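**Student:** Got a structure here, written out as structure tokens. Questions coming.
Please treat every number below as a calculation from the coordinates, not as lab data. In this text the structure is predicted, and so the values were computed from the model without any measurement. No Cβ is skipped: glycine too gets one built from the backbone with ideal geometry, and neighbour counts run over all protein chains shown.
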Amino acid sequence: MRFALIDMDGSTLDTFDDASSAIACLQEMLIDDPTAADEIGVIEYRDGQRLRSPMLATEFITWSRIERMQAFIGRGLENVRIDLAAALNATNGDPSRAWIEIAISSVKAESLDTVLRDPQSHQFSLAV
Amino acid sequence: MPSRAHHVASRRSEVTADRHELDVFRFVRVAVINDDALVDDFLSDAARGKKARGRSATIPDLMNGMSAFRTLDLARQRWQDIAAMARRRRPSEPIKVGEHIAWVVLRAGMGFAYEDLGHDDGHMTIWGDPADLAGAVVEIVPAEV
């Protein structure tokens, strides 16, 4: 278990081994119930220990996007273009998580939602 | 989107004679054992009208139980987490689950059950009649030290 989703009762709602799965679950919960945004927290564990104080749901989603963007900063622009083309071919129009991960590397955080809504036709700038 | 198939199936276990007793720790709002209101802190999640989220939405029987923790230290750790969340939402917000932790001894023959998935956070689910669970409390301590 790396991430635990908790509520204000202290209950563990769900656990995940990776940030992407935790985010996808959170986004589902928030679509079903927007009030959950500040009722659900995320705690990260490593080697059985808590890494930091819990983040509220929306904070965690933003933090994770920024972390993944930072992981790609410094990669050559050519590499990003090649990866993106291959990912689009591989997914055949299906916005898989792998595609989204790569797309995060080449768009600003505030435009990510636009990319996710329409990944096939979106013309995004390669600004980091 | 993650499939709900990733949810671990229920591992509910009855407290039976071959496991005589089990110590668990639960947040409560009362400070002393003989407070008549203690039984209200052992109502099930469903009885309290809690919304089913996450694994509870997939396994409805979890809503017939309630949260507890494997050790006092892990319960205190979780209490600190929810206190931090509450204070960031609103600085003066009270902690609705209470500011105390009850040490509950689940003994055989009382219809108690529990689920422990072995997670690092020590979170468990327990089942039992509210009055019986309140009667199984041996000590109540402050959540914050």
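**Student:** Under a plain spin-label model, where a point goes 7 Å from the Cα along Cα-to-Cβ, how far apart in nm are B:GLU139 and B:MET110?
**Tutor:** The answer from the label model is 1.6 nm.
**Student:** Something else now. So how much slack lies between B:HIS7 and B:VAL39, counting 0.36 nm per residue of separation and subtracting their Cα-Cα distance, in nm? Kindly include the intermediate steps, with their values, before the conclusion.
**Tutor:** Details: separation 32, 0.36 × 32 = 11.52 nm, distance 3.07 nm.
Working it through step by step, the gained length comes to 8.4 nm.
**Student:** Averaged across the residues of B:76-86, what count of C-beta atoms belonging to other chains lies within 10 Å of each residue's C-beta?
**Tutor:** 5
**Student:** Estimate the FRET efficiency between B:LYS96 and A:ARG46 by the formula 1/(1 + (r/R0)^6), using the beta-carbon distance for r and 35 Å for R0, to the nearest 0.05.
**Tutor:** So, using R0 = 35 Å, E works out to roughly 0.75.
**Student:** A follow-up question, please. Using packing as a proxy for protection, rank B:26-34, B:125-133 so that the peptide with the highest average count of other Cβ atoms within 10 Å comes first. Don't skip to the answer; put the middle values down first.
**Tutor:** Details: B:26-34: 17.1, B:125-133: 20.0.
Going from most to least packed, we get B:125-133, B:26-34.
**Student:** Here's another thing I want to ask about it. Which is the longest part of chain B that has none of the GluC sites (Glu not before Pro) sitting in a DSSP loop with at most 16 other Cβ atoms within 10 Å?
**Tutor:** Details: sites that count: B:GLU99, B:GLU144.
It works out to B:1-98.
**Student:** In Å, what Kirkwood hydrodynamic radius results for chain B from the alpha-carbon pair distances? Before the final figure, lay out each step's value.
**Tutor:** Working: mean 1/r = 0.0630 Å⁻¹.
When all Cα pairs of chain B are included, the Kirkwood radius is 15.9 Å.
**Student:** Now a separate question. Could the peptides B:100-107, A:9-16, B:86-93 be put in order, highest first, of the mean number of other beta-carbon atoms found within 10 Å of their residues? Present the calculation step by step, with values, prior to reporting the outcome.
**Tutor:** Values: B:100-107: 20.6, A:9-16: 23.0, B:86-93: 11.8.
By packing density, highest mean first, the sequence is A:9-16, B:100-107, B:86-93.
**Student:** May I pose another question? Averaged over peptide B:45-55, how many Cβ atoms belonging to another chain are found within 10 Å of each residue's Cβ?
**Tutor:** On the way: counts 2, 0, 0, 1, 0, 3, 7, 1, 12, 14, 6.
Partner-chain Cβ atoms within 10 Å, mean over residues of B:45-55: 4.
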